[in-house]
Amino acid sequence: MDGSVWLLGGGKVVMPLRACRDQSLLLPSMFSSKVEDEMEVKRERTVRFYHDEKQVKLGYQLPKSGGFSIGKVGSGSSGSSKVFSEEYEPWLKRIFDPGSEIMLKWNRVFLLACLVALFVDPLYFYLPSMGQGNDNSSCIKLDEHLSIVVTLFRTIADLFYLLHIVIKFRTAYVAPSSRVFGRGELVMDPKKIARRYLRSDFTIDLVAALPLPQIVIWLIIPAIRSSNADHNNNALAMIVLLQYIPRLYLIFPLSNQIIKATGVVTKTAWAGAAYNLLLYMLASHVLGASWYLLSIERQTTCWKSQCNKETDVQNMPQCHPKYLDCDFSDKSERQLWANSTQVFAKCNASDDSIIFQFGIFKNALTNGAVSAKFMEKYLYCLWWGLQNLSSYGQNLSTSTYIGETSFAILIAIVGLVLFAHLIGNMQVMYWANTL
């Protein structure tokens, strides 16, 4: 051998044989030092931040089998290294990635739970109904069996809202200072996560999770009945409607999170069409339940107005608001008052000669929907809501009562908004399928 070395390009370099041997000895050491430098760089770059704010480096270590394993290297580590996966971390201490697959699944489950909760809440409006006393006079009563069933489903829905609050306390967020094109550094510190959540969405989530209907039905209404106060059960039920606003609001940011992660709320076009139809039916369900409750309220308002007029009439039994409750129908003084009063005759919705105008609530009173069984009055009110929502309230004949006209205006606005939303989503799904 002359010590010459042939190159890949075809050239030839002549070197002494001794120098060639020395260079061959240096090549393995050069490559080994390069590999060690690259591994050192990787060890320095791979850093995770855990809840205790300690930097834990993931270093490569060579086991006896000759392969590479990943172990946690930190202060106080033992000589033998083990493999620690994030999946083995306890659930109570785990910090969730907002873009992970498990958070996407939870958002879909919670969205479904929110829709169920929005369906359950208006069922409380069907609790009051009109009944007949022992003297064939009308009165107001509460459906106790329906109260138990609705309260059970409502409590189950509240548990999902509480679980959502707990999960948001353990969900990381992207630091605003590091956000670049939707990406950035995740903040994993539980204290910072809790501080940010308390300042942003915690109040709305807490209000949405409060068991307000249960408190009203099982605590406030019985207390009012025992105190012989005015019959304001329907007004209290309308106050519960205020909690519907934050629950409805939670659907929009939740849908936006799902859209940002996957591009669409549902995976198929049929599921998207069913989702939009469900929103339309949900709005009809809410409007129908509200129409039913307002019909009961208009009837009791007429009774109270006529009852106040009879207080000045002499030689007649005194009219008390508690007589309008079916719980007092077996009282002797109530039966004596019912036999001589003109309250029910002057508030008969079927009589067109009365002064009091029921307006759009007349059909619920004349068709017997307010005294029918639950499924009968529910389907009738759902049909009423769907009919007027699809026609934008054009067939409604209202009176001059401000609450009634405001309700009719709301029906027209909601119908237009939902129709525009439905057409817009259909166009989006059409272009998504054609492209």
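The values are calculated or read from the model by the stated rules, or taken from the named source; none is laboratory data. These figures come from a predicted structure and were not determined experimentally. Please note: Cβ atoms are built from the backbone with ideal geometry, for glycine as well, and neighbour counts cover all protein chains shown.
Numbers below:
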{"quantity": "Within the stretch 352-435, helices (runs of 4 or more DSSP H) holding 3 or more residues that are within 24 Å of the chain's Cα centre (by Cα), modelled with pLDDT under 90 and farther than 27 Å from Asp143 by Cβ", "calculated": "402-434"}
{"quantity": "Evaluation of Met316 against (1) surrounded by fewer than 20 Cβ atoms within 10 Å (Cβ to Cβ); (2) touching a residue at least 40 places away in the same chain (Cβ under 8 Å) (one fails), failing number", "calculated": "(2)"}
{"quantity": "Some residue of the stretch 113-132 being loosely packed, with under 15 Cβ neighbours inside 10 Å, assigned to a loop (DSSP other than H, G, I, E, B) and at pLDDT below 90", "calculated": "no"}
{"quantity": "Qualifying residue in the stretch 161-172 (condition: within 30 Å of Ile296 (Cβ to Cβ) and surrounded by 16 or more Cβ atoms within 10 Å (Cβ to Cβ))", "calculated": "yes"}
{"quantity": "Residues (closer than 20 Å to Ile296 by Cα and either assigned to a loop (DSSP other than H, G, I, E, B) or not aromatic (Phe, Trp, Tyr) (or both)) located in the stretch 309-340", "calculated": "Cys319, His320, Pro321, Lys322, Leu324, Asp325, Cys326, Asp327, Ser329, Ala338"}
{"quantity": "Scan of the stretch 384-404 for residues that are touching a helix residue (DSSP H, G or I) at 6+ places or on another chain (Cβ under 8 Å) and of a type in the set (A, V, I, L, M), ordered by number", "calculated": "Leu386, Leu389, Leu396"}
{"quantity": "In the stretch 144-160, residue nearest to Glu333 (Cα to Cα) [restricted to those that are among the charged types (D, E, K, R) and crowded, with 16+ Cβ neighbours inside 10 Å]", "calculated": "Arg154"}
{"quantity": "Near pairs, Cβ below 7 angstrom, 6+ apart or cross-chain, from the stretch 176-202 (in a loop (DSSP other than H, G, I, E, B)) to any residue that is modelled with pLDDT under 75", "calculated": "Gly184/Ser178; Glu185/Ser178; Met188/Phe49; Met188/Tyr50; Met188/His51; Asp189/His51; Asp189/Glu53"}
{"quantity": "Residue list for the stretch 354-369, filter: among the aliphatic types (A, V, I, L, M) and either without any contact (Cβ under 8 Å) to a residue 60 or more places away in the chain or surrounded by fewer than 18 Cβ atoms within 10 Å (Cβ to Cβ) (or both)", "calculated": "Ile354, Ile355"}
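A quick yes/no check of all residues on (1) out of contact with any Leu (no Cβ under 8 Å at 6 or more places or on another chain); (2) crowded, with 19+ Cβ neighbours inside 10 Å; (3) under 24 Å from Cys307 (Cβ atoms); (4) not assigned by TED's automatic domain parsing to the domain that holds Met281:
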{"site": "Cys347", "(1), (2), (3), (4)": "yes, yes, yes, no"}
{"site": "Asp352", "(1), (2), (3), (4)": "yes, no, yes, no"}
{"site": "Ser371", "(1), (2), (3), (4)": "yes, no, yes, no"}
{"site": "Thr400", "(1), (2), (3), (4)": "yes, no, yes, no"}
{"site": "Phe419", "(1), (2), (3), (4)": "yes, no, no, no"}
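Yes/no per residue for (1) under 36 Å from the mean Cα position of the chain (by Cα); (2) surrounded by fewer than 20 Cβ atoms within 10 Å (Cβ to Cβ):
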position	(1), (2)
Leu277	yes, yes
Lys304	no, yes
Tyr323	no, no
Glu333	no, yes
